[in-house]
Amino acid sequence: MSEIEKQRLTKATMLAAFVIILLCKIRSRTEIRNKTMLLLEYLSYLQSGNHNLFDVAAKVCSYSMRNPGFTLSHLEIPNNIDIIAYNLSGHSCFDMEDKLPQFVYDQAGSVTIKDGLVSLSSAPSWESRIKSFSGCDGHLEVCTRNARDEKIKASEIDEVEPLGNFARVFLLSQEKSARTRQSGKADELEQGKKYTVKLVSTRDENDNPVLECTPLGVECQEQCLIKSEELVKGLRTEDLTDYIFDEDYVEDADLVDAAAPPLFSIKESYVKYAKARANRDCADRRVYQAKVIRFFKGRTEDKDRVILLSDKGYGGLMVDDHTLQKGQVVTVYTQNVIRTTGTPFINMARPAFDYSEIPGKFEAEGVLFDFVMNRQTALLRLDKKKEEGRETGSYKEILRQLAVILAHTKEKRSVVKYRNMLCSAFIFNIIGNENRRDQSFCRAEYLNRCLRAAEGIKVPPIPDNPALTGREKRIAGILASLGETKDICKAASLIQGMDSGADQEIARLFMAHTLSGINRDDLNASQESLRRKICEQLGVGDHFKGDIRKGGGKYGKGELESVEFKSSYVFYNKDGKPDLFKQGRGQVLEAVCGFMNKDGGTVYVGVNDSGDPLVSESYGLNADLAWFRSNFSTVNNQRSRLLGHNVPMPENLDSYCRFLNSELELYFKPTVRGCVSISPTEDMDAIRITVKPSEYEIAKLYTDNTWQEGCVYVREGEETRPMTRHDQEQRLMKLRSVGKVEQFILILTEAIDRKRKVTLKNYASSNSNIVQDRFVVPINLVYNNENLWAYDIGKKECREFRLSRIEDIVVEDSTYSHAYVKGEADVFRWVNPDVNYHIRLKMSISALNNLREEYSNAKNLPESELYQISKERWILDTYLHGLGAVRRFYLGLADQIEILDTEDSDELKKSINEFIGKNLLSLRTGSKS
């Protein structure tokens, strides 16, 4: 760009910025979008900083802009381009509630822009698709048809050769999409589009309820059907038939099958309404009447659910107390809405008896009143949509600008820049701009050659293209000859015309590289170091990989007998779909189990098959963390029901490791969990799971923490496989003998699994000062397996027993069927589920040391229960199942501990005073009272 052209473009940029400020005052959404896209295009050419303009472009096409982030005072400074770019990218304000119509453009593939996400696809917008990769901080995704040859592997997302192959297949698929694209008339049904339909309730030949429909504003001679499907959890389409009346219309029904009879789906429209209405009712704690639709029978009685339909037409689930009948109306409220990516769960419950409001009445005529509309309203909304649909011409211009912004986006990583260039070419191809597509793809091919040189793989010659400068053609020729030619004269001819400072350095390094290949003994510099310097000159030094293909990646030379690489804990390797059980338990923890039953090893999570970290936003740990941000409430609900406590939310690698520790708690017994340690790698780019061999027992991987169904695995070479009986016999011969307490842990764990009663021989009780046998039902081990929580059959109550005070354990043949409540020890080892005292102690470092040394579970307390408030003071804020132990702890260090106020602090002080008074009296009288 010449200096004169740059000055003209700068003036146009300042004028566009001025217009946007005025438009924001009059709230013209469409004009603001169009002018902002123009401004972003200008800034992409001019800015010298690294401002995220694509982020703004995705948002301005999705939401109404309220404030551009800059003011008239910013425009008074001449040539203030970078300041405008900085404020626009970092301080612009959007109204997320005021959404623009969904942006959909179909031609050679499709582009969809919704909620700040630009989605490129090689398929039409109405076809199913799968995500291949994402970029631009999650504001861009590239999708393909569900075909194996189009899906790029997670391990290859940062490798240039697979990316280049993917791009060529994607462009071919776009051309196929353009040839087969439906070219129906404007008044014909077109699959994948949304329509406003009139609903009609009827019954089929088997007298089953069905919904028929008629699309509004379209000539359709056939009677259409509404797809039978689950709308929200438990509620199906046909459950709404009794509440549909004449002239009821629904908008945004998807045409999912255009074949006769045409089939529409109202799920997306219904779910959007149901979630919004249920969330509002949940926030308002509104009480209303709901009708019992049917019952769901769970695997156990506590999993039974009642499926209800609210007075506002959304379905929900409620715990079945087995007192209700189908068709009965019951008063409830909305407890919560679980936002899953598929079918949402809406949970309902009976309200407290003291609610004051009059419950919303369940009346059939009004159930769907807020979801449906009459004909007049439907026609008005349809006219408005048609008006908005006339913007297709401007859509093409917006996509052209989007492609330009993407091509000029500055990235720190050269391979990301390469992906952006490819995506820019994809967009130009979608809008049919073949000239700009070829230019973008040619520029990407040049960068492809540079990246191939950085990876140390063969660089093919680049086709002649006018989009390339003479310098770029010469450099492409040099890279194609790098390490391939031993002809000095040919090498010298390739560097003709390399006159500038940077080009002369590249020419010098190339000649040195060529000579080092001919006369290795005469030159000290290695070819690899010279190649690295060439890549640094070309701006792709960050992608340099040395001799990785000869020996492995950052975390090892491929998978070995003691090393396993996993790309994710969430996304299943075989289909790329999120599945914690199949991938997390079935892949990662199977490998962990295999190492425990062999000689130990290391599992790296978040790396590819070569051992390099996956840094893309679409794969590896980044993708895991993004998935948890959207789905953690569901995961936490599932885990907390099984574990009895909440699990940490994976927000970064540290918290992800804590989450994985809770996964160990779910799938492995306590006796083997000490063999596993989980931590981030030193560079915080992967998670390292270090596994020691299990020394005392064969490790089993269970389906959950009921320890009912377990499998055993062993590492054999580079594979993890189930252990045979012979394998287990061989392993048992290698296990170490264990001490008395360790033996008791194994015996009791087995007895709990088999639901057997046991006799604790010669148990020495500190409470009664009596040594005698105790016949008990073992419930669970607590406090780092130091204590047993059991039902004492003789005393007919649950009690706690220290394993160190038992002489021997005899497992009886008698079993039990009653379900006992598991015990959970507090920090002072006390277990009593019926008692909870809230205490807060301010402690000195001396008291803290005593706590950690005397009570081993103190190290497992979360930060919310044990935390530092100054250099010399700590706070213990927790719940206890008894006051005896904390009383002894306080009396031993009374000058180092301060009791802080809680709802139970008076009880603790009273217990301490009574103990002191009683024992001081005995000291004065010389006898025990």
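Listed here are the residues, each with its yes/no results for (1) of a type in the set (D, E, K, R); (2) assigned by TED's automatic domain parsing to the domain that holds LEU880; (3) outside any strand (DSSP E or B).
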| site | (1), (2), (3) |
| --- | --- |
| ILE747 | no, no, yes |
| LYS761 | yes, no, no |
| GLN772 | no, no, no |
| VAL776 | no, no, no |
| GLY794 | no, no, yes |
| ARG829 | yes, no, yes |
Over the stretch 633-677, the set of residues among the β-branched types (Val, Ile, Thr) and not in a helix (DSSP H, G or I) is VAL647, VAL676
Taking the stretch 817-839 as the region of interest, how many residues are within 36 Å of the chain's Cα centre (by Cα) and either under 15 Å from ARG774 (Cα atoms) or touching a residue at least 60 places away in the same chain (Cβ under 8 Å) (or both)? 3
State all residues of the stretch 38-68 that are in contact with a Cys (Cβ under 8 Å, 6 or more places away or on another chain) and either part of a helix (DSSP H, G or I) or crowded, with 19+ Cβ neighbours inside 10 Å (or both); if no residue qualifies, say none. PHE54, ASP55, ALA58, MET65, PRO68
Restricting attention to the stretch 235-273, and to residues there that are touching a strand residue (DSSP E or B) at 6+ places or on another chain (Cβ under 6 Å) and small (Gly, Ala, Ser), which single residue is farthest from ASN206 (Cα to Cα)? SER269
Output the number of the condition that GLN743 fails; it satisfies all remaining conditions of (1) under 39 Å from the mean Cα position of the chain (by Cα); (2) part of a helix (DSSP H, G or I); (3) not hydrophobic (A, V, I, L, M, F, W, C). (1)
When residues of the stretch 856-891 are limited to those that are out of contact with any helix residue (DSSP H, G or I) (no Cβ under 8 Å at 6 or more places or on another chain) and among the hydroxyl-bearing types (Ser, Thr, Tyr), the one surrounded by the most Cβ atoms within 10 Å (Cβ to Cβ): THR878
Is there a residue being in a loop (DSSP other than H, G, I, E, B), among the charged types (D, E, K, R) and touching a Ser or Thr at 6+ places or on another chain (Cβ under 6 Å) anywhere in the stretch 231-254? yes
Out of SER655, SER677, SER640, report the one residue that is in contact with a Ser or Thr (Cβ under 7 Å, 6 or more places away or on another chain), surrounded by fewer than 17 Cβ atoms within 10 Å (Cβ to Cβ) and within 24 Å of GLU863 (Cβ to Cβ). SER677
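This table checks each residue for (1) within 30 Å of GLU853 (Cβ to Cβ); (2) among the small types (Gly, Ala, Ser); (3) touching a residue at least 60 places away in the same chain (Cβ under 8 Å).
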{"position": "ALA751", "(1), (2), (3)": "no, yes, yes"}
{"position": "ARG754", "(1), (2), (3)": "no, no, yes"}
{"position": "ASN762", "(1), (2), (3)": "yes, no, no"}
{"position": "SER766", "(1), (2), (3)": "yes, yes, no"}
{"position": "ARG774", "(1), (2), (3)": "yes, no, no"}
{"position": "VAL777", "(1), (2), (3)": "no, no, no"}
{"position": "ILE806", "(1), (2), (3)": "yes, no, yes"}
{"position": "GLU812", "(1), (2), (3)": "no, no, no"}
{"position": "THR815", "(1), (2), (3)": "no, no, yes"}
Name the residue that is nearest to VAL776 (Cα to Cα), counting only residues in the stretch 711-746 that are of a type in the set (A, V, I, L, M, F, W, C), surrounded by 12 or more Cβ atoms within 10 Å (Cβ to Cβ) and out of contact with any Pro (no Cβ under 9 Å at 6 or more places or on another chain). PHE744
Could you check the stretch 211-228 and list, in sequence order, the residues that are touching a Phe, Trp or Tyr at 6+ places or on another chain (Cβ under 8 Å), assigned to a loop (DSSP other than H, G, I, E, B) and at pLDDT 90 or above? LYS227
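To keep it simple, each residue is scored yes or no on (1) under 25 Å from ILE806 (Cβ atoms); (2) of a type in the set (A, V, I, L, M).
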{"residue": "GLY717", "(1), (2)": "no, no"}
{"residue": "ARG721", "(1), (2)": "no, no"}
{"residue": "HIS726", "(1), (2)": "no, no"}
{"residue": "LEU732", "(1), (2)": "yes, yes"}
{"residue": "VAL741", "(1), (2)": "yes, yes"}
{"residue": "SER768", "(1), (2)": "yes, no"}
Report, ordered by the first and then the second residue, all pairs with beta carbons closer than 6 Å, sequence separation of six or more or different chains, a first member in the stretch 58-87 that is more than 26 Å from GLU5 (Cα to Cα), and a second member that is at pLDDT 85 or above and small (Gly, Ala, Ser). ALA58/GLY116; LYS59/GLY116; SER62/GLY116; GLY69/SER92
Condition first: polar (S, T, N, Q), closer than 22 Å to VAL104 by Cβ and assigned to a helix (DSSP H, G or I). Now tell me which residues in the stretch 421-448 satisfy that. SER424, ASN429
Within the stretch 563-584, considering residues that are in contact with a helix residue (DSSP H, G or I) (Cβ under 9 Å, 6 or more places away or on another chain), hydrophobic (A, V, I, L, M, F, W, C) and not in a loop (DSSP other than H, G, I, E, B), the one surrounded by the most Cβ atoms within 10 Å (Cβ to Cβ): PHE565
Scanning the stretch 16-37 residue by residue, those surrounded by 14 or more Cβ atoms within 10 Å (Cβ to Cβ) and either closer than 20 Å to HIS408 by Cβ or free of Cβ contacts under 8 Å to residues at least 12 places away in the same chain (or both) turn out to be ALA16, ALA17, ILE20, SER28, GLU31, ARG33, ASN34, LYS35, THR36, MET37
Is at least one residue of the stretch 710-724 under 30 Å from ASP302 (Cβ atoms), outside any helix (DSSP H, G or I) and assigned by TED's automatic domain parsing to the domain that holds SER568? yes
May I ask you to verify whether TYR783 is modelled with pLDDT under 90 and of a type outside the set (Asp, Glu)? yes
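For the stretch 875-892, what are the residues that are touching a Ser or Thr at 6+ places or on another chain (Cβ under 7 Å) and among the hydrophobic types (A, V, I, L, M, F, W, C)?
LEU883
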Taking first residues from the stretch 898-917 that are assigned by TED's automatic domain parsing to the domain that holds LEU841 and second residues anywhere that are of a type in the set (A, V, I, L, M, F, W, C) and part of a helix (DSSP H, G or I), the pairs with Cβ under 6 Å that are 6 or more apart or on different chains are none
The residue that is farthest from SER618 (Cα to Cα), considering only those in the stretch 151-210 that are at pLDDT 85 or above and hydroxyl-bearing (Ser, Thr, Tyr), is THR202
For the stretch 709-748, the count of residues that are more than 20 Å from ARG673 (Cβ to Cβ) and touching a strand residue (DSSP E or B) at 6+ places or on another chain (Cβ under 7 Å) equals 4
Inside the stretch 686-705, can you point out the residues that are assigned to a loop (DSSP other than H, G, I, E, B) and out of contact with any helix residue (DSSP H, G or I) (no Cβ under 8 Å at 6 or more places or on another chain)? GLU695
Every residue in the stretch 893-908 that is out of contact with any Lys or Arg (no Cβ under 9 Å at 6 or more places or on another chain) and surrounded by 13 or more Cβ atoms within 10 Å (Cβ to Cβ), please. LEU893, ALA894, GLN896, ASP904, GLU907
Considering only residues of the stretch 81-118 that are in contact with a strand residue (DSSP E or B) (Cβ under 8 Å, 6 or more places away or on another chain) and buried (at least 21 other Cβ atoms within 10 Å of the Cβ), which is modelled with the lowest pLDDT? GLY109
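The values are calculated or read from the model by the stated rules, or taken from the named source; none is laboratory data. Predicted model only: the values in this text are computed from it and were never measured. As a convention, Cβ positions derive from the backbone with ideal geometry for all residues, glycine included, and neighbour counts pool all protein chains shown.
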